[in-house]
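For reference, the structure discussed in these notes is given below.
Throughout, read-outs are computed from the coordinates displayed, never taken from laboratory work. Being a predicted model, the structure only gives us computed values, none of them experimental. Virtual Cβ from ideal backbone geometry, glycine too; neighbours counted across all protein chains shown.
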């Protein structure tokens, strides 16, 4: 089966997630700078979430480029990922509205962790379809980034009861790990061509 | 006529429906767990509706893959389906807001039933264009799933006056029937290639 | 230049317009049938607007299928059409909120008329690029439907001060004229192939 | 790597930005003309922002048409541009809500300037990938428009403390400079073919 519509639906959902998050920044009713400044936590959480969604799109793009075909299981694994991605604006909005306190920070971490798990499931489903010796299999390898992220998220969620800002630091750190797109995929594709 | 834009518009509308439903979960203004917990009926109805919309997208994807071409009638049958799909967020929101009481449950069932009918009409329009001996015709066959769903929905709508939670059980059951994408289409396409 | 992205942007905007209109139907906070019934004018205006947007998408789809290429002028003529289409949810919402009274009815007609004019401009821009003897030129012909619609809209707008419901009848009538997609284009394309 | 999904995500985000901006025009609850007229500043800022987003889409379309391939750096440069584009509805809404006073005017200019800078970064990233002698390199040339725009925006932002309407005039002027899509790209592509 063709992968075109899976990519199209994912692009659509991700495009809307990005734009919905910005709606959490309500336009102030007055025109002074003070009311604009009050939006900084919402803006900060928007930047972080934008980067996270951007990372997922970027890696999704790289991985699907190496994929040759999809099946029903891949479609559902992808929908499962989109489900957790769709909860990012909610978690991000709660985080920004409450100035990064413990519970919103924990929920944000939980949603990020579920996203990481959903992405790993998608990777596994794709690998089962293509085989380990395929272009995709060789490009992805052991997926240590995915496993490490889940562990860091779990630690960060526990830390929210003690030090929410430390959790935020960990979320930023994981984003840093992923910010560089999987160069292996890029190089394997070039190699192949 | 090419089927590309019909798929693109459907993907777009479905992507937005998914993301709009999540907007029904309003970000709580406080940061405690209690206010978050109050959202569970909205979240539950979101999960159910997400799965339903996912099922429609999945089956639409499978069916259109087997289709070779479209005409004006197919375009309108598809728009008709999108119309009823676009009402899912409204029905889902009403259901979640009122904790699964009778009337919202009946409306939800009605919208699901109209979706099932609209999908059947789309199937019929496509079959008329391709013929019963086409790849599409052999892959779809008698569409007993579609007919059975409509009957179950009708029963569930009547049951809402007596036992709304039983109706919910029936909606979940129908989702279960459809969750497995039409393997026949997948196998016929593989066969053809 | 390729027409792909013009189609993609148009599909995206139209998909969102459809889904935004449904947001005008606010989920009632109670679960009784009475509050649901109060939404009928909003629902009615949603149906009418959905059909209108569907007509535009359908005809846009038919016309762009016959087009071979686009240029800067076509891109802007298309954006101009999307601008007026994007005002349909606003006009539709005002109409539904105020139970089809005079001013909202006039604004609705005005937006529809501007859409018709914008569509005609797009047709002219495309014809200038392709020439009158092209597939597109022969398929579109004199565009009498477009001209007739503008005249009917103008009459309907004037009529709103006297009889708003008559204006609504005229809007429905124009939708009827357009509901059948341009069969000429379909037949010319088939002929060509 | 293929450029298809970069274009698809950009089209999706831009389509949603356009349609979200129109949501800033809240449907009046009464049906008289007076309340509709009160919306004129919001409508005016919508028109200006629509034209700006249209310009970006148009030039993005032209530039990507000349591009042959993308890499990770281009994907992120593009996401960076989408980030600043996604803030246009917010800045536009604040401008319209407050009738074009100083601070909203300055923020609007700042967002436009950041968009211009992000677009220049995207241009540079693409040129680095394709080389100066490529079709893209010859078509874009020195990008004087991009540099001039940033300077005018900076002047306009400073002017907001003195004469906000003059700033608005400068924003309109920059739009005028860009309204004509890069004909050089169009002519170079035609030449190439």
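A few remarks follow.
- Whether segment A:8-114 is rounded, prolate or oblate, judged on the alpha carbon gyration tensor where a/c under 1.5 counts as rounded: prolate
- C-alpha long axis of helix D:88-97 to longest principal axis of chain D, angle in °: 20
- Inter-probe distance in nm under a simple model that places probes 7 Å from Cα toward Cβ, at residue B:154 and residue C:143: 4.8
- Length-normalised contact order of chain D in % [C-alpha pairs under 8 Å, at least 6 apart]: 26
- For the protein assembly as shown, the Cα-based Rg and Dmax, in that order, read 25.8, 75 Å.
- Counting every other Cβ atom within 10 Å of each residue's Cβ, C:133, B:35, D:11 order from fewest to most as C:133, B:35, D:11.
- Other copies of residue D:73: label-to-label distances in nm, shortest first, labels 7 Å along the beta-carbon direction: 3.9, 3.9, 5.6
- Other protein chain Cβ atoms within 10 Å, averaged over every residue that makes up C:86-99: 4
- Most mobile listed residue (C:158, C:88, C:123) in chain C, GNM with C-alpha springs under 10 Å: C:158
- Theoretical FRET efficiency, 1/(1+(r/R0)^6), r = Cβ-Cβ of residue B:38 and residue B:163, R0 30 Å, to 0.05: 0.75
- Cα shape, segment C:92-162, gyration tensor, a/c 1.5 rule: prolate
- Take residue C:37, move 7 Å from Cα toward the beta carbon, and the resulting point lies 3.9, 3.9, 5.5 nm from the same point in each other copy, nearest first.
- Among A:42, A:74, A:27: highest mean-square fluctuation, GNM of chain A, C-alpha pairs under 10 Å: A:27
- Where labels lie 7 Å past Cα in the beta-carbon direction, separation of residue B:134 and residue D:124 in nm: 5.3
- For segment B:28-183, the percent of C-alpha pairs falling in each 5 Å distance bin, counted from 0 to the bin holding the largest distance, reads 2, 9, 17, 20, 17, 12, 9, 6, 4, 2, 1, 0, 0.
- Ranked from shortest, the separations from the 7 Å Cα-to-Cβ label point of residue C:154 to its equivalents in the other copies are 5.1, 5.1, 7.3 nm.
- Legend: ranking of residues B:128, B:68 from fewest to most surrounding C-beta atoms inside 10 Å; resulting order B:68, B:128.
- Residue order, fewest to most surrounding Cβ atoms within 10 angstrom, among B:2, A:61, C:62: B:2, C:62, A:61
- Spatial separation of Cα centroids for segment C:21-69 and segment D:19-38, in angstrom: 19
- When chain D is treated as a GNM with alpha-carbon contacts under 10 Å, the residue of D:45, D:134, D:86 showing the greatest mean-square fluctuation is D:134.
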